[in-house]
Amino acid sequence: STTKTYIANIDTKRRDWTLTMRITRIWEVKYNLTSKTIYSLDMVLLDEQGSQIHALIKKDLIPHFKEVAKEGSVYTISHFSVENNKISHQQVQMTPPSSSILSPH
């Protein structure tokens, strides 16, 4: 059985986390204002304790997740990395589709 994990408990040391969370906001990040090329698909994730974290799916992986990830829906996410962001908070980093799992809850 999988132990329930919350955003407040994750860190950069492991990759075997499993979170249940809601995507509260999702948006495309482009290289600049005039670019049509998408750099990443960014999200704000919210767990049942009310904690939030910024998550992103890099350009190469967007086709694997874009049709699944919907704003307002609840998902279980597993096998992802957590990185310290340059602005002193953590972010979830989706990894190649063979290891990251995003499934509707």
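The values are calculated or read from the model by the stated rules, or taken from the named source; none is laboratory data. Note that the coordinates shown come from a computational prediction; the quantities given were computed from them, not determined experimentally. Virtual Cβ from ideal backbone geometry, glycine too; neighbours counted across all protein chains shown. Remember, those area values only see protein heavy atoms, side chains included, never the ligands or the DNA or RNA. Shrake-Rupley method; radii C 1.70, N 1.55, O 1.52, S 1.80 Å.
Residue by residue through region 52-71, note down the ones that are touching a strand residue (DSSP E or B) at 6+ places or on another chain (Cβ under 8 Å) and open to solvent by less than 40 Å² (accessible area, probe 1.4 Å).
Within region 52-71, I53, H54, A55, L56, I57, I62, F65, A69 qualify.
Do you know which residues across region 56-105 are at pLDDT 65 or above and among the charged types (D, E, K, R)?
K58, K59, D60, K66, E67, K70, E71, E83
Only residues that are loosely packed, with under 15 Cβ neighbours inside 10 Å, part of a strand (DSSP E or B) and touching a Lys or Arg at 6+ places or on another chain (Cβ under 8 Å): list them for region 24-37, please.
Within region 24-37, K30 is the sole residue that qualifies.
Out of all the residues in region 2-56, which are touching a helix residue (DSSP H, G or I) at 6+ places or on another chain (Cβ under 7 Å) and either without any contact (Cβ under 8 Å) to a residue 24 or more places away in the chain or among the small types (G, A, S) (or both)?
Scanning region 2-56 gives Y39, S40, S51.
Could you check region 38-51 and list, in sequence order, the residues that are of a type in the set (S, T, N, Q), open to solvent by 10 Å² or more (accessible area, probe 1.4 Å) and under 20 Å from N84 (Cα atoms)?
S51
Count, please, the residues in region 21-48 that happen to be farther than 17 Å from Y75 by Cα and β-branched (V, I, T).
4
Kindly provide the set of residues from region 4-13 that are open to solvent by less than 70 Å² (accessible area, probe 1.4 Å), outside any strand (DSSP E or B) and not charged (D, E, K, R), ordered by number.
Correct list: Y6, I7, I10, T12.
Criterion first (buried (at least 18 other Cβ atoms within 10 Å of the Cβ), of a type in the set (D, E) and at pLDDT 80 or above) does D16 satisfy it?
When the stated conditions are applied, D16 does not pass them.
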